[in-house]
Amino acid sequence: MPETSVEPGSLVNVVDAKGKIVATGTYSAISNIAVRVIEFNEATIDEKWLKDKIQSAHNRRLLLGYGPGTDTTGYRIVFGESDGMPGLVVDRYADVIVIQLTTAGADKLREMIVNSLIELFKPRAIFERSDIANRKEEGIEERTGTLYGDYSLGDQVEFAENGIKFLAHPISGQKTGFYLDQKDTRKAIRELADDKDILNLFSYTGSSSVAAFMGKARSVLNVDSSKWALKQCHELARLNGIDTNRLKTEESDVFQWLNSQPGDKFDMVIMDPPAIIKSRNDINDGRKAYHFLNRAAMRLVRSGGIFVTSSCSQFFTVEDFATTLRRASVQNGVSLSVLRIIPQSPDHPLSVYFPESYYLKTFVCVVV
């Protein structure tokens, strides 16, 4: 039986059969994971430890070419277990930092985390977006709000990614305000977009569309269910000096929209749906949904055109995705030539010690 006198999120030591301390971590009697290991030895988890850990993670991002004074000022500084800090996400949008605390252990370290980030990065503001379902599983309430500094300029922060201007919305946007993990997919889209008419499904605020236009796309149609997000598509285009007459938007549920399409063809179709398989219980229904989406979207690609399709569901593996694409292509009477399989960008690092860190995969294919 678990030791119920230990408060959830407390720091504990893990010992072997001989009583030797083999790890330090945070405890939970509620979560499926009893102890989230922070160090595989006895360690003192204080502000110095935390500051050193965050600085080390940031140094690795600098090696990627991200950071102040570069052409990429929006990136993830800390990615939970992959950076040895379970339950902590830290995203940087130029001079604004957004944190997400997903576990009781990380929640207890909030003050130390904020103090460390202030000392290391001297941000204009730090905002919290701990409004995800994981917190309920940890027995803690969702929480959002400004933790430090001046955030009176509104829900919009400009930053750069590979030289393109983007806007994060830490208060009202998805995740921490932007999909930072799709950097490499947007770069691939930019490289392949020249002189193409493009369809962008689940477009959200149109970051992929802007990347396409920066790659000299001819036109882009954005389809999304959010009127607010589609409005941002035009704002992003104007921010980057793009002629908004070449950008069209359509507010619609993508599943319904695909069902009603007569079969107009595009030179490139981009599809990045939200996480459809959020747990093991969703796998069967989720596979069916991914199959429908990919089969329906694929038939809108002209022969010789490009199909860029993503899944951010951890439980939908690369092998599952490949099987889905194979079935969908056969049913459509086409074949796919895979140009690239792109994981999440390296500021969301894959850990060989934590395979669950690999969640995002994008297939870039030629349809023939």
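Relative to the present Cα-Cα distance, how much length would full extension add between Asn134 and Arg326 at 0.36 nm per residue of separation? Write out the running numbers ahead of the final one.
Working: separation 192, 0.36 × 192 = 69.12 nm, distance 3.34 nm.
Here the segment from Asn134 to Arg326 would lengthen by 65.8 nm.
If you take the charge dipole of the chain about its Cα centre, with +1 on Lys and Arg Cβ and -1 on Asp and Glu Cβ, which of Ala322, Ala104, Ile126 is farthest toward its positive end?
Of the options given, the answer is Ala322.
Could you compute how fast region 159-233 diffuses translationally, taking Rh as the Kirkwood radius over C-alpha pairs and applying Stokes-Einstein at 37 °C with viscosity 0.692 mPa s? Give it in µm² per second.
Working: Rh = 12.5 Å.
For these conditions, the coefficient is 263 µm²/s.
Given the options Val90, Val334, Val220, which has the most mean-square fluctuation in a GNM of the chain, springs set between C-alpha atoms less than 10 angstrom apart?
For the chain, modelled as a Gaussian network with Cα springs under 10 Å, the answer is Val334.
Note down the nm distance, to one decimal, between modelled labels 7 Å out along Cα→Cβ at Val352 and at Asn284.
3.8
Which of the aspartates and glutamates could a cross-linker span from Lys361 if the Cα-Cα distance has to be under 16 Å and same-chain partners fewer than 8 positions apart are dropped?
Counting by Cα, and skipping residues close in sequence, Lys361 has these aspartates and glutamates nearby: Asp181, Asp184, Asp272, Glu319, Asp320, Asp347.
Just need the relative contact order of region 66-110 here, percent rounded to a whole number, with Cα pairs under 8 Å and 6+ apart. Let's see the in-between values first.
Details: 67 pairs, mean separation 12.3, N = 45.
Computed over region 66-110, the figure is 27 percent.
What number comes out for the charge environment of Arg135, summing +1 per Lys or Arg and -1 per Asp or Glu over other residues with Cβ under 12 Å away?
Spelling it out: positives minus negatives among the neighbours equals -4.
How long is region 1-102 along each principal axis, judged by its Cα atoms, biggest number first, in Å?
Cα spread of region 1-102 along its principal axes, largest to smallest: 52, 25, 21 Å.
Would you kindly compute the Cα radius of gyration of region 235-368 and its largest Cα-Cα separation (Dmax), both in Å?
16.0, 48
What length, rounded to one decimal in nm, is gained on full extension from Glu42 through to Glu235, with 0.36 nm per residue of separation minus their alpha-carbon distance? Please list the in-between numbers first.
Values: separation 193, 0.36 × 193 = 69.48 nm, distance 5.10 nm.
Going from the current span to full extension adds 64.4 nm.
Given the options Ala168, Ala125, Ala104, state which has the largest fluctuation in a GNM of the chain using a 10 Å cut-off (strictly under) for Cα springs.
Greatest mean-square fluctuation among the candidates belongs to Ala125.
First select every other residue whose beta carbon is under 13 angstrom from the beta carbon of Asp253; then total the charges, Lys and Arg +1, Asp and Glu -1. Let's see the in-between values first.
On the way: positive: Lys227; negative: Asp224, Glu250, Glu251.
Every neighbour counted, the sum reads -2.
Just to verify a number: FRET efficiency for Ser260 and Glu111, C-beta to C-beta distance, R0 = 51 Å, to 0.05?
For R0 = 51 Å, the calculated efficiency reads 0.45.
Could you work out the relative contact order of region 195-244? I mean the mean sequence separation of Cα pairs under 8 Å and 6+ apart, divided by the number of residues, in percent.
Details: 72 pairs, mean separation 20.6, N = 50.
Over region 195-244, the number comes to 41 percent.
Only the coordinates and a few stated rules stand behind these numbers; no lab work does. On a predicted model such as this, the values are computed, not experimentally measured, just so you know. With ideal geometry, Cβ positions are generated from the backbone for all residues, glycine too; neighbour counts draw on all protein chains shown.
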